[in-house]
Amino acid sequence: MPPPPAQRPTLTYRRLNSTRKEIRLLELQPAQKIEDQVVCRLITVPLTEDLEFIGLSSLYGDPSETEKVVVNGIPLAIPENLAQALRHVRQVFYPTAVKPRQRAQSKDVKAPRWLQHLLNHVGNVIPDQDLERKIPLRIWLDVLCINQSDDKEKGNQVTSLAQIYGAARMVVGWLGLKSDTTDAGAEVLRQIDEAMPPTWGDPGDEARNPQNYSPHHEWLTKIQHLWEPVAYGLSPLKNDHWVGVADFQNRPYFHRVWILREIMMARYPAFMVGDAIVSWEQVLRLNRFLEEVKERESYVWPAKLKTGIYEWPLDTIHMLLDEFNKKRRQERPHGPGHC
């Protein structure tokens with residue numbers, strides 16, 4: 001008689017206490033290399049204002065392509081795309097491959113400057129360097145933090161998604177692995193964001209600062225080098241940095257309106273390609289910039305490049321612009337006495 005088939009290992013979930021607004025979080029163990037297997041434990045905590053964790057938003061990817069992660073000592077197969085996301089979030093937000101003394105002597109291994117900039121108004125997600133062995137990196141990821149076998153819990157947690165994402169210090173939208181042009185494309189987003197005047201696009205700003213709008217676009221002169229051809233006869237939009245921008249825009253994540261709606265519930269959304277992260281504001285400002293130079297006359301942006309601009313789906317554009325305006329209104333000080 002043949003032996004019975006081996007049972008696939010499963011997690012045992014304790015029922016959440018809804019009166020305490022409990023959620024589950026993954027506590028990731030540090031690793032030496034990006035390729036190291038994800039090892040974590042699942043904890044249950046009340047959802048409070050001072051709870052520090054990162055939300056992870058991702059498409060599942062091909063369900064037939066899986067990777068094993070270890071949760072509570074149990075090896076579990078999850079979609080490969082999600083495992084890649086966990087490994088890269090671990091690498092970026094919890095760098096532990098360098099010894100503390102080496103870290104103190106090297107600028108390259110301190111908390112990334114982009115993270116200090118992104119989180120200067122929401123606190124620090126990376127554990128303190130002196131305490132990183134004591135303060136774990138906590139992640140919320142639906143596929144593991146929700147009991148997928150409990151339909152009632154799944155329904156309740158989906159309803160609570162806005163609260164979970166709103167409580168996270170940051171919600172990272174995982175776009176997938178890097179391409180050869182990812183870093184160059186991310187640099188374009190950064191330069192556009194830095195060059196664009198802070199109030200550009202606000203109601204009444206065009207009347208107050210006409211030099212920043214069509215056809216003058218004086219602020220674009222700071223980044224004019226981005227569309228200068230590097231070879232005779234080659235369109236500037238064929239350069240690596242614009243190819244990288246188009247690759248970024250064409251990621252499947254941006255073509256799924258439902259998941260964009262999810263991440264926009266966050267108080268601070270960001271997007272991650274490999275180990276490169278761009279803020280929600282950089283993405284939204286890129287969209288506003290491209291709409292401006294495509295639709296309006298400009299003395300700075302070459303008219304011949306208008307037809308080569310990659311366009312997001314219309315639903316995505318509307319959502320990005322609506323969210324941009326909403327978050328800008330929330331950030332703007334109100335009433336007298338604000339500087």
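Take LEU305 and tell me if it is among the hydrophobic types (A, V, I, L, M, F, W, C), touching a Pro at 6+ places or on another chain (Cβ under 7 Å) and surrounded by 15 or more Cβ atoms within 10 Å (Cβ to Cβ). So that I can check it myself, show each step before the final result.
On the way: among the hydrophobic types (A, V, I, L, M, F, W, C): yes; touching a Pro at 6+ places or on another chain (Cβ under 7 Å): yes; surrounded by 15 or more Cβ atoms within 10 Å (Cβ to Cβ): yes.
Yes.
If I filter the range 14-36 down to residues being farther than 13 Å from GLN91 by Cβ and not charged (D, E, K, R), which single residue comes out as surrounded by the fewest Cβ atoms within 10 Å (Cβ to Cβ)? Write out each step before concluding.
Kept after step one, since they are farther than 13 Å from GLN91 by Cβ, are these residues of the range 14-36: 14-27.
Remaining after also requiring not charged (D, E, K, R): 16-19, 23, 25-26.
On the way: LEU16: 20, ASN17: 10, SER18: 10, THR19: 7, ILE23: 21, LEU25: 27, LEU26: 24.
In this case the residue turns out to be THR19.
Between residues in the range 196-225 that are surrounded by 12 or more Cβ atoms within 10 Å (Cβ to Cβ) and residues that are of a type in the set (D, E, K, R) and part of a loop (DSSP other than H, G, I, E, B), which pairs lie under 6 Å by C-beta distance while being six or more apart or on different chains?
Pairs found: SER214/ARG296; SER214/GLU297.
In this structure, does VAL171 turn out to be free of Cβ contacts under 8 Å to residues at least 24 places away in the same chain and either in a helix (DSSP H, G or I) or among the hydrophobic types (A, V, I, L, M, F, W, C) (or both)?
Here the answer is no, as VAL171 does not meet what is asked.
Of the conditions (1) more than 22 Å from GLY155 (Cβ to Cβ); (2) touching a residue at least 40 places away in the same chain (Cβ under 8 Å); (3) not small (Gly, Ala, Ser), VAL70 clears all except one; give me its number.
Single failed check for VAL70: (2).
So which residues in the range 121-162 are of a type in the set (Lys, Arg) and either modelled with pLDDT under 85 or assigned to a helix (DSSP H, G or I) (or both)? Give the steps one after another, and end with the answer.
As a first pass, look at the range 121-162 and keep what is of a type in the set (Lys, Arg): 133-134, 138, 152, 154.
Across the range 121-162, the qualifying residues are ARG133, LYS134, LYS152, LYS154.
Filter the range 40-70 down to the residues that are over 24 Å from ALA266 (Cβ atoms) and buried (at least 16 other Cβ atoms within 10 Å of the Cβ) and list them by number.
Matches in the range 40-70: THR66, GLU67.
Filter the range 177-190 down to the residues that are within 9 Å of GLY274 (Cβ to Cβ) and crowded, with 20+ Cβ neighbours inside 10 Å and list them by number.
Correct list: THR182 only.
In the range 143-155, how many are surrounded by 14 or more Cβ atoms within 10 Å (Cβ to Cβ) and out of contact with any Lys or Arg (no Cβ under 9 Å at 6 or more places or on another chain)?
Summing the residues that are surrounded by 14 or more Cβ atoms within 10 Å (Cβ to Cβ) and out of contact with any Lys or Arg (no Cβ under 9 Å at 6 or more places or on another chain) in the range 143-155 gives 1.
Within the range 247-269, track down each residue that is surrounded by 17 or more Cβ atoms within 10 Å (Cβ to Cβ) and part of a helix (DSSP H, G or I).
ASP247, PHE248, GLN249, TYR253, PHE254, LEU260, GLU262, ILE263
Filter the range 270-292 for residues that are among the charged types (D, E, K, R) and in a helix (DSSP H, G or I); which is modelled with the lowest pLDDT? Walk me through how you get there before you give the answer.
Filtering the range 270-292 for residues among the charged types (D, E, K, R) gives 275, 281, 285, 288, 291-292.
Those left that are additionally in a helix (DSSP H, G or I): 281, 285, 288, 291-292.
Working: GLU281: 84, ARG285: 88, ARG288: 88, GLU291: 89, GLU292: 92.
Going through the qualifying residues, I end up with GLU281.
Does HIS225 count as at pLDDT 85 or above, over 30 Å from THR159 (Cα atoms) and either out of contact with any helix residue (DSSP H, G or I) (no Cβ under 6 Å at 6 or more places or on another chain) or not β-branched (Val, Ile, Thr) (or both)?
Yes: the conditions hold for HIS225.
The values are calculated or read from the model by the stated rules, or taken from the named source; none is laboratory data. Note that this is a predicted model, so its numbers are computed, not measured. We place every Cβ from the backbone using ideal geometry, glycine too, and count neighbours over all the protein chains shown.
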